Amino acid sequence: MTQLLWLPSFGLTIGCSMARYLQRLRSAALSALTCAGLALLSSGPASAETCTFLQPVGGDGTSPIVNKRIQAGNPFGRANWNTDFFVTAPYTRYKLFFTANSSESASYPIEAFLKFTDGSNLRVFNQTITPKPGTGGHITVPGYPTKTTSQVNIKVGSGSNQAATGFSYRISVQGCR
């Protein structure tokens, strides 16, 4: 005769032979997880990620942090919206930092690109952010493993959104592996 066992957490009734099967299955699963956990622990500590600040193109080499003010588009030349950072080693990902320096809140249109040695590029970020004055944050973007990255480009400001003109900010980029 099969006895019935009520499992309220699952909301079902099963026969006793099925209950023993599930208990054995649960026990085997816990054993497997324990062995997997011990294997991970015995393999040693995970290697720590190393991140390095990238130097800005045109910088003087003393600081990887760039301070800028958003200017209106220049009909006779280029606006100062773009900032490039040299990539001198292969990285698995990049951290892009942004801080609003202005004393008033503003919306900052931001785009970021990875530039490659073959002349192509990949847009990795495109958003308008509105940080409180003196605050900011960072985004992390993966590297592109099948191409060699030569620069990271951050563009703050746009001709279609002049509301942030005059506001200042600082940016920097880290390459991580």
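The values are calculated or read from the model by the stated rules, or taken from the named source; none is laboratory data. In this text the structure is predicted, and so the values were computed from the model without any measurement. Heads up, the Cβs are rebuilt from the backbone with ideal geometry, glycines too, and the neighbour counts pull from every protein chain shown.
In segment 97-108, what count of residues is obtained for those that are surrounded by fewer than 20 Cβ atoms within 10 Å (Cβ to Cβ) and part of a strand (DSSP E or B)?
Qualifying residue count for the region: 2.
Looking only at segment 42-49, decide whether some residue is at pLDDT 75 or above and in a loop (DSSP other than H, G, I, E, B). Step through it out loud before you land on a result.
Within segment 42-49, the first condition is being at pLDDT 75 or above, and the residues that meet it are 48-49.
Subsequent filtering for residues that are in a loop (DSSP other than H, G, I, E, B) retains 48-49.
There is at least one residue in segment 42-49 that is at pLDDT 75 or above and in a loop (DSSP other than H, G, I, E, B).
Quick check: anything in segment 128-135 in a strand (DSSP E or B), at pLDDT 90 or above and among the hydrophobic types (A, V, I, L, M, F, W, C)?
Among the residues of segment 128-135, not one is in a strand (DSSP E or B), at pLDDT 90 or above and among the hydrophobic types (A, V, I, L, M, F, W, C), which makes the answer no.
Just checking, how many residues over segment 116-137 are closer than 12 Å to Thr149 by Cβ and within 17 Å of the chain's Cα centre (by Cα)?
2
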